[in-house]
There are 2 protein chains.
Amino acid sequence: MIPAFIEQDAALVGERLARIYPEGSRTTKVLYDAQKYSLLAGGKRIRPVLVLETCSMLGGDQRVALDYAAAVEMVHTYSLIHDDLPCMDDDDLRRGRPTNHKVFGEDIATLAGDGLVTDAFGVILSCPYASAQSRADAALALSLGAGSFGMVKGQVIDMFGESNELSQDELLELHRGKTGALIEAAVRLGCHAAGLTSDDQRVEVLADYARNIGLAFQVIDDILDCTQSAETLGKSVGSDQKDGKTTFMRFYDVDGARAYAKQLTCDAIASVKTIENSQNLVTLAKYLAQRNY
Amino acid sequence: MIPAFIEQDAALVGERLARIYPEGSRTTKVLYDAQKYSLLAGGKRIRPVLVLETCSMLGGDQRVALDYAAAVEMVHTYSLIHDDLPCMDDDDLRRGRPTNHKVFGEDIATLAGDGLVTDAFGVILSCPYASAQSRADAALALSLGAGSFGMVKGQVIDMFGESNELSQDELLELHRGKTGALIEAAVRLGCHAAGLTSDDQRVEVLADYARNIGLAFQVIDDILDCTQSAETLGKSVGSDQKDGKTTFMRFYDVDGARAYAKQLTCDAIASVKTIENSQNLVTLAKYLAQRNY
């Protein structure tokens with residue numbers, strides 16, 4: 001049962017995303033079609049929901065939050081497109097549909113992703129309702145979360161783990177980068193959408209919340225990947241395991257992993273409850289922890 | 001004969017770029033090594049020189065210009081890494097050395113590029129010497145120049161031209177995107193480094209200068225690619241022609257292309273001369289037009 005506010009937020013984000021790319025001319029249509037194919041494929045929209053709900057909790061302007069939310073989803077979408085490429089995870093199926101490069105070719109998929117991540121910054125920085133300070137803070141948070149010291153670093157550690165045994169600290173760094181950094185960035189963008197600057201203590205409380213739900217999310221993903229069918233999951237079962245990738249399940253059995261995810265969720269809820277009006281973020285943390293695993 | 005200010009600027013930029021990426025741990029070293037491999041491979045550094053000289057002409061803070069210049073070169077470097085990938089131009093040689101994916105593999109090369117373009121925004125947005133307005137303006141100009149309506153669009157048109165005959169308008173749009181947009185962004189970043197806002201008339205005069213030298217640069221590149229040896233050029237001769245790519249030489253013979261490049265350079269010089277202290281930008285336009293073709 002998806003909480004109503006998540007579905008409402010996701011619908012708003014979908015409408016905003018549908019306005020990013022034009023029809024295109026005969027030379028450029030394939031690019032914009034490829035971008036829209038992955039951007040409008042649905043998905044849970046967890047990251048943009050976090051931007052919207054964080055901003056809403058803090059009393060900020062939802063028009064700003066919607067632009068920032070779209071940017072985070074564009075970055076998430078680019079990361080999925082590139083992650084699915086033959087030279088990376090080589091996946092054929094994503095959200096129950098052929099992956100981007102299967103439909104548009106590797107060259108266009110690469111460029112569609114390149115465009116998405118680059119354009120995401122433009123969406124933030126051209127938001128007409130936000131101050132220059134808010135836009136600069138938000139775009140910086142996105143760069144730090146998505147770049148070579150955040151999400152990209154996580155991907156590289158993930159690949160390193162394919163042919164090397166990772167220590168538990170390295171596995172944590174992998175998860176914090178690959179999944180956690182962009183989830184943390186989403187919450188930071190929500191804060192900046194509401195006009196909070198980086199030295200506001202609530203930003204760090206919320207970043208802590210995000211890191212915990214992000215890690216829980218990845219633990220649960222690993223559990224699902226090892227226990228669920230392709231039909232339920234919309235991607236190849238055990239696709240992470242089959243090529244020897246290091247996952248969370250190398251260090252925990254299923255019960256242990258479930259207990260760990262639960263503890264992370266409790267920690268997340270405890271920290272966010274110190275902030276007023278955080279009901280929806282509490283609900284979101286619980287919802288993520290109750291996925292079908 | 002390279003003008004002294006270009007060599008001095010390029011050296012400053014090289015020093016700044018050398019400070020972007022750390023040594024890294026055993027899991028991340030390969031990423032930062034791959035990024036440094038291409039970032040510190042030399043090259044003409046024309047785009048960062050444009051940032052520095054534009055800012056200097058306008059009396060701006062060179063510390064700001066240096067951060068913005070580094071960001072533009074990071075984006076240029078990412079575009080070269082991805083452009084060389086097997087699924088794109090499939091080049092083995094770049095600046096006389098093996099291309100990034102030949103040394104580090106396609107997966108790391110893809111991620112090294114992804115990180116470079118994402119981190120570039122962070123370098124601008126964390127510049128401690130610039131106002132939030134300057135940083136937001138500069139990062140927006142970089143996004144617009146590099147993204148799906150600028151450089152990435154140019155790449156897609158280029159690929160479309162491999163299997164379709166392009167009209168001359170489409171070829172111009174290709175060049176304006178693939179090469180021109182980032183050169184124009186460089187000049188805009190120089191303006192924003194000096195504190196000019198987008199509505200300052202000088203920004204448009206300089207953008208016009210940039211578009212003209214950018215187009216001239218690409219015309220000359222196409223001439224060189226069709227006339228020079230691999231040794232002089234540091235890449236495979238006729239590498240653009242051999243796979244049926246549309247280049248400028250489909251519409252012009254060598255003499256015609258030279259005349260066109262000369263006219264573009266004259267137009268560029270005429271526009272930039274209307275601004276005070278533009279000697280170095282005039283010299284730069286002349287230097288670029290006198291490359292060995």
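Remarks
- Criterion violated by A:R188 - all others in (1) of a type in the set (D, E, K, R); (2) farther than 17 Å from A:V64 by Cβ; (3) surrounded by 17 or more Cβ atoms within 10 Å (Cβ to Cβ) satisfied: (2)
- Filter pass, B:G60 being in contact (Cβ under 8 Å) with a residue 24 or more places away in the chain, in contact with a helix residue (DSSP H, G or I) (Cβ under 6 Å, 6 or more places away or on another chain) and not in a helix (DSSP H, G or I): yes
- Hey, B:R135 more than 8 Å from every other protein chain (Cβ to nearest Cβ) and either touching a Ser or Thr at 6+ places or on another chain (Cβ under 9 Å) or modelled with pLDDT under 95 (or both) or not: no
- Here the condition is being at pLDDT 95 or above, part of a helix (DSSP H, G or I) and within 14 Å of another protein chain (Cβ to nearest Cβ); of B:G161, B:G145, it holds for B:G145 alone.
- Filtered residues of region A:172-185 (kept if surrounded by fewer than 21 Cβ atoms within 10 Å (Cβ to Cβ) and within 11 Å of chain B (Cβ to nearest Cβ)): A:E173
- Count - residues of region B:69-126 that are in a helix (DSSP H, G or I) and closer than 30 Å to A:Q133 by Cα: 26
- Residue among A:L215, A:L116, A:L166 that alone is in contact (Cβ under 8 Å) with a residue 40 or more places away in the chain and either within 26 Å of A:L281 (Cβ to Cβ) or among the hydroxyl-bearing types (S, T, Y) (or both): A:L215
- Residue match in region A:171-179 (condition: within 14 Å of the chain's Cα centre (by Cα), acidic (D, E) and assigned to a helix (DSSP H, G or I)): no
- Single residue of region B:98-113 satisfying the filter (away from chain A (no Cβ under 12 Å) and without any contact (Cβ under 8 Å) to a residue 60 or more places away in the chain) that is surrounded by the fewest Cβ atoms within 10 Å (Cβ to Cβ): B:P98
- Only one of A:G214, A:G190 that is at pLDDT 95 or above, part of a helix (DSSP H, G or I) and under 19 Å from the mean Cα position of the chain (by Cα): A:G190
- Region B:250-266, residues that are in a helix (DSSP H, G or I) and hydrophobic (A, V, I, L, M, F, W, C): B:V254, B:A257, B:A259, B:A261, B:L264, B:C266
- Qualifying residue in region B:59-75 (condition: surrounded by 24 or more Cβ atoms within 10 Å (Cβ to Cβ), on the phi < 0 side of the Ramachandran plot and among the polar types (S, T, N, Q)): no
- Residue in region B:45-55 that is of a type in the set (K, R), at pLDDT below 95 and assigned to a loop (DSSP other than H, G, I, E, B) present: no
Here is a yes/no grid of residues against (1) under 21 Å from A:N212 (Cα atoms); (2) in contact with a Cys (Cβ under 6 Å, 6 or more places away or on another chain):
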residue	(1), (2)
A:I20	no, no
A:G24	no, no
A:T28	no, no
A:D33	no, no
A:K36	no, no
A:K44	yes, no
A:A65	no, yes
A:A69	yes, no
A:D92	no, no
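- Residue check, A:A70 modelled with pLDDT of 95 or more, in contact with a Lys or Arg (Cβ under 6 Å, 6 or more places away or on another chain) and facing another protein chain (nearest Cβ under 9 Å): no
- Selection count, region A:242-293, where residues are in contact (Cβ under 8 Å) with a residue 40 or more places away in the chain, of a type in the set (V, I, T) and surrounded by fewer than 18 Cβ atoms within 10 Å (Cβ to Cβ): 3
The values are calculated or read from the model by the stated rules, or taken from the named source; none is laboratory data. Not measured: the values here are computed from a predicted model. Note: ideal-geometry Cβ built from the backbone for every residue, glycine included; neighbour counts use all protein chains shown.
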